[in-house]
Amino acid sequence: MCGIFGIYSHKDAANITYLGLYALQHRGQESAGIACLDGDSAHFHKQMGLVSDVFTADVLKALKGILAVGHVRYSTAGSSDLKNSQPIVVEYMKGYLALVHNGNLTNARIVRDELRDSGSIFQTTTDTEVIVHLMARSREKTTIDRLIAALHIVEGSYSLILLTQNELIAARDPYGIRPLCLGRLRDSYVISSESCAFDLIEAEFLREIEPGEVLVISERGLQSLFPFKRMTRKHCIFEYIYFARPDSFMFGRTVYTIRKAFGRELAKRDSIDADMVIPIPDSGIGAAIGYSQASGIPFELGLIRNHYVGRTFIEPEPSIRHFGVKLKHNAIHDLVKGKRLVVIDDSIVRATTSRKIISMLRYYGAKEIHFRVSSPPTKYPCFYGIDTPTRKQLIASSHTVDEIKSYMKCDSLRYLTVEDMKNAIEGDYTFCDACFTGDYFIPFPKSMDMEQMELFSNDY
Ligand code: AMP
């Protein structure tokens with residue numbers, strides 16, 4: 001879970017990248033970084049924190065150059081600290097390189113061990129770093145061929161942007177798991193995880209980078225290479241369910257449209273009589289609108305979200321820890337009092353948040369609570385770049401829907417089925433849904449299950 005952005009040939013490259021990262025902030029809030037290559041020198045700045053905290057006007061002024069790449073990080077491999085933040089900037093025999101990556105390399109541990117055993121000294125504990133080591137050791141002549149050689153060795157998911165001193169290279173794994181798109185900003189080209197970044201900088205969306213494509217942007221223009229065996233597309237369905245911004249165009253569709261369709265599908269098989277549909281904001285909003293439109297039950301914003309609660313929130317003393325879920329969500333009392341509610345969220349992970357929200361709604365007098373989830377039960381961890389906890393922590397991997405309902409203390413609980421999810425996506429279904437089905441199409445080492453971050457251990 002990360003956001004990446006790159007720009008080729010713009011006099012304000014760092015500033016534009018800063019704006020691009022702002023639009024991609026939802027993809028990672030742990031650290032942010034920008035690297036610019038300027039002739040023979042490299043300028044970069046990376047720090048833990050949000051984009052707005054990491055970059056000041058002075059910092060941006062020092063990032064000189066017409067080529068830039070940027071990254072916002074939400075770790076899926078390697079711990080969350082500064083040494084693991086990106087861009088990774090290195091100087092090798094062909095000059096400077098700056099690399100940003102969104103995804104998860106499933107064989108990184110094995111490749112890394114081999115490289116280390118034969119002399120490589122690693123600076124970070126991220127999966128991404130193996131790519132630059134493999135490039136440095138490659139016997140190929142050009143940087144592009146070295147990159148392609150490295151990508152032939154790694155497995156897993158990657159959308160990446162590589163900056164050399166005179167070119168910007170974008171690459172997407174052969175399955176197209178994570179998103180990446182190309183835009184034009186007057187005479188410059190821009191690459192971004194999501195198209196919402198193009199809207200902010202007023203760039204024109206040109207197209208998505210194809211699965212397995214290596215796109216080289218240089219003074220010769222655009223050169224598109226397809227050096228890998230063609231695979232069946234496996235776009236990450238969770239980008240649609242939760243992760244991407246609703247205003248982004250991704251995998252050939254607008255995210256908001258798909259979220260609404262998930263909600264409509266949920267409503268189709270539901271016969272609940274209720275007074276209102278309320279989303280858990282922000283993630284449940286699109287599906288709740290779709291549900292409301294299909295069922296005719298009025299949509300209301302019964303829950304209000306505080307947008308200023310970051311993941312770095314420090315728990316105060318236990319003696320004054322009574323905020324619970326209200327730190328992030330609060331209910332509109334007189335709206336929910338005495339009402340039969342359909343409450344919609346995009347997914348259930350450990351059910352701890354949803355359980356607390358239900359208890360709060362009851363406290364404010366809700367008469368009935370029918371919880372609806374606009375995705376199938378999340379039973380399996382993701383090894384391809386979304387940070388989900390281990391199976392042990394995923395409530396749906398060890399509990400039936402009825403048991404989850406009892407735990408959450410709602411009057412009824414329904415999930416979207418895998419079939420309904422497929423129906424909601426018109427056209428060919430070309431998605432990875434391993435988090436729901438366990439259908440892992442790229443192998444990963446057994447130990448990886450244990451390596452998943454304990455993301456949800458700090459309940460708010
Ligand atoms: P819970 O009720 O505790 O299971 O938490 C569910 C909430 O976590 C939902 O609102 C989801 O939008 C959110 N969620 C799902 N997957 C993730 C993830 N990988 N990272 C952060 N939040 C997530």
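At-a-glance table
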item	result
DSSP-defined beta bridges in the chain - what % are antiparallel, rounded to 5	80
Segment 3-234 - percent relative contact order, Cα under 8 Å, separation 6 or more	20
Estimated distance in nm for a label pair at residue 293 and residue 401, the labels positioned 7 Å out from Cα along Cα-to-Cβ	2.4
Charge tally in the Cβ shell below 12 Å around residue 307, where Lys, Arg are +1 and Asp, Glu are -1, residue 307 excluded	+1
In degrees, nearest ten, helix 13-23 long axis to first principal axis of the chain (Cα)	20
³J(HN,Hα) computed for each position of segment 242-251 - Karplus, 6.51 cos²θ - 1.76 cosθ + 1.60, integer Hz, glycine/proline x	9, 7, 6, 6, x, 7, 8, 9, 8, 6
Cut-off under 5 Å, modelled amide H: who pairs with residue 236 long-range	432
Rounded if a/c under 1.5, otherwise prolate or oblate - segment 3-234, Cα gyration tensor axes	rounded
Neighbour-limited loop hits for trypsin sites (Lys or Arg not before Pro), segment 390-451 (at most 16 other Cβ within 10 Å; DSSP other than H, G, I, E, B)	409, 446
Cα long-axis angle, helix 108-117 against the chain (0 to 90 degrees, to the nearest 10)	30
Prolate/oblate/rounded call for the chain, Cα gyration tensor, a/c under 1.5 rounded	prolate
Rounded to whole Hz, the Karplus (6.51, -1.76, 1.60) HN-Hα couplings of segment 393-400, x for glycine and proline	8, 7, 4, 6, 7, 10, 10, 7
Under DSSP loop assignment and at most 14 Cβ neighbours within 10 Å, longest GluC sites (Glu not before Pro)-free interval of the chain	220-425
Eligible lysines near residue 337 by straight Cα distance, threshold 21 Å, same-chain separation 8 or greater	326, 328, 356, 367, 409
Placed amide H near residue 156: partners under 5 Å, 5+ positions off or other chain	106
Under 20 Å from residue 83, Cα to Cα: lysines that are on another chain or at least 8 residues apart	46
Probe 1.4 Å, accessible area per residue of segment 3-234, Å²	39
Packing rank of 375-386, 267-278, where each peptide gets the mean count of other beta carbons within 10 Å, highest leading	375-386, 267-278
³J(HN,Hα), Karplus 6.51/-1.76/1.60, whole Hz, each residue of segment 412-427, x for Gly, Pro	8, 9, 9, 10, 6, 8, 4, 4, 4, 4, 5, 4, 5, 9, 5, x
Distant-in-sequence amide H partners of residue 388 (H built 1.01 Å from N, under 5 Å)	382
Carbon + sulfur, % of accessible area of the chain - ligands and nucleic acids excluded, 1.4 Å	51
Of the trypsin sites (Lys or Arg not before Pro) in segment 1-56, those whose Cβ has at most 16 other Cβ within 10 Å and which sit in DSSP loop	11
Label-to-label distance, nm, for residues given as residue 81 and residue 412 (7 Å Cα→Cβ offset)	5.1
Loop trypsin sites (Lys or Arg not before Pro), segment 128-189, which have at most 13 other Cβ atoms in a 10 Å radius of their Cβ (DSSP)	139, 141, 186
Shape call, segment 82-190: gyration tensor on alpha carbons, a/c limit 1.5	prolate
Total charge dipole magnitude, the chain, about the Cα centre, Cβ charges on Lys, Arg, Asp, Glu only, Debye to nearest 20	600
Charge sum, other residues only, whose C-beta stays under 15 Å from residue 416's C-beta, Lys/Arg counted +1 and Asp/Glu -1	+2
Taking segment 180-253 and dividing mean pair separation by its residue count, relative contact order in percent (alpha carbons under 8 Å, at least six apart)	28
The chain, relative contact order [Cα under 8 Å, separation at least 6], %	13
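The values are calculated or read from the model by the stated rules, or taken from the named source; none is laboratory data. Just so it is clear, the model here is predicted, and its values are computed rather than measured. A quick note on method: Cβ atoms are made from the backbone with ideal geometry, for glycine too, and the neighbour counts reach across all protein chains shown. Ligands, DNA and RNA are excluded from the accessible area calculation, which covers all protein heavy atoms including side chains. Shrake-Rupley method; radii C 1.70, N 1.55, O 1.52, S 1.80 Å.
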